[in-house]
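Encoded as structure tokens, the structure appears first; notes follow it.
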Amino acid sequence: MLLIGTTLVCGSAAAAQGPPLASTAPNALTLHEVVELAKTKNPTLLSAQQNLLSVKAQEIQAAVRQNPNLAVTGTDVTIPTSSPAGPYAYSVQLSRLFERGEKRRWRLDIAHSTTDQTRDQYTLQEQQTVLAVKQAFTTMLLGKAALKLAQDNLKDFRRELDINQARYDAGDIGKLDYERLDLQLAQFETDESSAEANLSQSSYQLQTLMGVDHPNNSFDIAGEIVPPELTSSMTELEQRALAARPDYKAAQDGIRVADANLKLAYANGTTDPTLEGEYDRSGTVNSAGFNLSIPLRIFDRNQGNQETSKYLAQASRFTEIAARNQVYSDVDQAWVGYTTSRILADRYNGHYLDEAKDVLSIAQFAYEHGGLTLLDYLNALQDDRTTTLNALDAYAQTWMAIHQLSYATATEVVP
């Protein structure tokens, strides 16, 4: 969950008008554009893609058939046929092992299911990267708003300080009041510097996730600060998650892999005969023959691997149940986070921001006309900054909850 630190400050004018509209560069990227760039250029995802291709290549190996064996032998090939030592002789043997029990079929089934499982695991990794990108995007977007607030706040307070310096020079206020106001300027200047640093750091983090080799300060983004309201219910999101979650699909693929392994274990317990054909020539005499070799599976019938595969197949089913339960848990937790932060964001956006502006405007007017003490005015100024800061924090938490819901459902939940 993103928390905007206390270094982010807000001016009274900005608080009244809601979130500040920070300027954007002409080539500023939207969230969709940033996500698509990350999918194609993030080096971690590119590495995972190559791993997926390597797993898929095993389907080729699983489909190959047994190679035949060719043997050629010759004896006394340098002795003439009329020699008393006997005529020359040579022979050619061709043999091949024939698999039984549909071993090739189950190997292919394992390879295909493993590829599907690896593809779902890659999709999960891609979604994790997209979630990190969205979070970094939101952090940078809120960082831009915080910097705009700090700049507006500093500008407004400098104007206020100039007015009060004129009052001090005219004798309307005392030295103590003026110097206490002047000391507040240091805090506003510090807030602006901190906001600039936070924005640069969040920008570099986002660019790194996008696969940029050397992040730079010219990078810019554009997006909405106030989060939208979702139209889907929690039940609808749960069903979408069950249909789309790659980790749940991977668990289902794991069942198919385990079942195919079990069938292959039983198939490996069957006997595979080897058939051999032979041609012989000794001097002028030709002959042909064949040989059939059948292993006797008296002791080793692969029974140990069969039992192991049974338990692994059953374990995969429990894993699928656990993955399904996790889907419900993730969606429900993300939904609670969204509804809670949404209520808080609406309170600030619809009530507290305007109220803080009114309080500060009244306090400022009263102080300038001698109807309010300096301490009360500074308290009103602090309340305004805190309220606007809390509003930004509520927006950030709501956006993060939306991103978490998208991740939990493996879909885009923003309408």
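The values are calculated or read from the model by the stated rules, or taken from the named source; none is laboratory data. Just so we're clear, the structure is a prediction, and the values are computed from it rather than from any experiment. Every residue, glycine as well, gets a Cβ built from its backbone with ideal geometry; the counts of neighbours run over all protein chains shown. Quick note on the areas: whole protein, heavy atoms, side chains included, nothing else; ligands and nucleic acids left out. Shrake-Rupley method; radii C 1.70, N 1.55, O 1.52, S 1.80 Å.
Comparison of 341, 282 shows that the only residue that is under 30 Å from residue 411 (Cβ atoms) and modelled with pLDDT under 95 is 341.
Take the residues in region 232-287 that are within 28 Å of residue 327 (Cα to Cα) and of a type in the set (Asp, Glu); name whichever of them is surrounded by the fewest Cβ atoms within 10 Å (Cβ to Cβ). Ranking the candidates gives 236 first. Close Cβ contacts (under 6 Å, 6 or more residues apart or on different chains) running from residues in region 212-231 that are over 25 Å from residue 395 (Cα atoms) to residues that are open to solvent by less than 50 Å² (accessible area, probe 1.4 Å) and of a type outside the set (A, V, I, L, M, F, W, C) comprise 215/207. In region 179-195, the condition of being without any contact (Cβ under 8 Å) to a residue 40 or more places away in the chain, open to solvent by less than 40 Å² (accessible area, probe 1.4 Å) and touching a Phe, Trp or Tyr at 6+ places or on another chain (Cβ under 7 Å) is met by at least one residue.
Any residue that is part of a helix (DSSP H, G or I) and more than 34 Å from the chain's Cα centre (by Cα) - is there at least one of those in region 330-351? Yes, that holds for at least one residue.
For (1) part of a helix (DSSP H, G or I); (2) out of contact with any Gly (no Cβ under 9 Å at 6 or more places or on another chain); (3) open to solvent by 30 Å² or more (accessible area, probe 1.4 Å), each residue gets a yes or a no:
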| site | (1), (2), (3) |
| --- | --- |
| 110 | yes, yes, no |
| 113 | yes, no, no |
| 118 | yes, yes, no |
| 124 | yes, yes, yes |
| 127 | yes, yes, yes |
| 130 | yes, yes, no |
| 134 | yes, yes, no |
| 137 | yes, no, no |
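In region 201-226, what count of residues is obtained for those that are more than 20 Å from residue 37 (Cα to Cα) and either modelled with pLDDT of 90 or more or out of contact with any Leu (no Cβ under 9 Å at 6 or more places or on another chain) (or both)? Summing the residues that are more than 20 Å from residue 37 (Cα to Cα) and either modelled with pLDDT of 90 or more or out of contact with any Leu (no Cβ under 9 Å at 6 or more places or on another chain) (or both) in region 201-226 gives 1. Just name the residue that is farthest from the chain's Cα centre (by Cα) out of those in region 296-313 that are open to solvent by 60 Å² or more (accessible area, probe 1.4 Å) and touching a residue at least 24 places away in the same chain (Cβ under 8 Å). Top of the filtered list is 296.
Hey, among the residues in region 153-171 that are open to solvent by 40 Å² or more (accessible area, probe 1.4 Å) and in contact (Cβ under 8 Å) with a residue 60 or more places away in the chain, which one's farthest from residue 37 (Cα to Cα)? I'd like the intermediate steps shown before the answer.
Step one: list which residues in region 153-171 are open to solvent by 40 Å² or more (accessible area, probe 1.4 Å), which gives 155-156, 158-159, 162-163, 165-166, 168-171.
Filter again for in contact (Cβ under 8 Å) with a residue 60 or more places away in the chain, leaving 155-156, 163.
Working: 155: 37, 156: 39, 163: 50 Å.
Only one residue tops the list, namely 163.
In a helix (DSSP H, G or I) and open to solvent by 20 Å² or more (accessible area, probe 1.4 Å): does that describe residue 148?
For residue 148, the condition - in a helix (DSSP H, G or I) and open to solvent by 20 Å² or more (accessible area, probe 1.4 Å) - is met.
Listed by first and then second residue, the pairs with beta-carbon distance under 6 Å, at least 6 apart or on different chains, first residue in region 359-385 and without any contact (Cβ under 8 Å) to a residue 24 or more places away in the chain, second open to solvent by less than 60 Å² (accessible area, probe 1.4 Å) and assigned to a loop (DSSP other than H, G, I, E, B), are 363/372; 366/372.
Listed here are the residues, each with its yes/no results for (1) part of a helix (DSSP H, G or I); (2) modelled with pLDDT of 95 or more.
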| position | (1), (2) |
| --- | --- |
| 272 | no, no |
| 297 | no, no |
| 301 | no, no |
| 308 | yes, yes |
| 313 | yes, yes |
| 325 | yes, yes |
| 354 | yes, no |
| 366 | yes, no |
| 370 | no, no |
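If a residue must be closer than 20 Å to residue 340 by Cβ, part of a loop (DSSP other than H, G, I, E, B) and out of contact with any Gly (no Cβ under 9 Å at 6 or more places or on another chain), how many such residues does region 195-247 contain? Give the steps one after another, and end with the answer.
First pass over region 195-247, keeping only residues closer than 20 Å to residue 340 by Cβ: 225-238, 241.
Cutting the leftovers down to part of a loop (DSSP other than H, G, I, E, B) gives us 225-233.
With the extra rule that they be out of contact with any Gly (no Cβ under 9 Å at 6 or more places or on another chain), the set shrinks to 227-233.
Total satisfying the criteria: 7.
If the condition is being farther than 13 Å from residue 355 by Cα and either among the small types (Gly, Ala, Ser) or touching a His at 6+ places or on another chain (Cβ under 8 Å) (or both), then region 369-399 contributes 370, 371, 394, 396.
Every condition in (1) of a type in the set (Lys, Arg); (2) open to solvent by less than 20 Å² (accessible area, probe 1.4 Å); (3) without any contact (Cβ under 8 Å) to a residue 12 or more places away in the chain holds for residue 175 except the one numbered (2).
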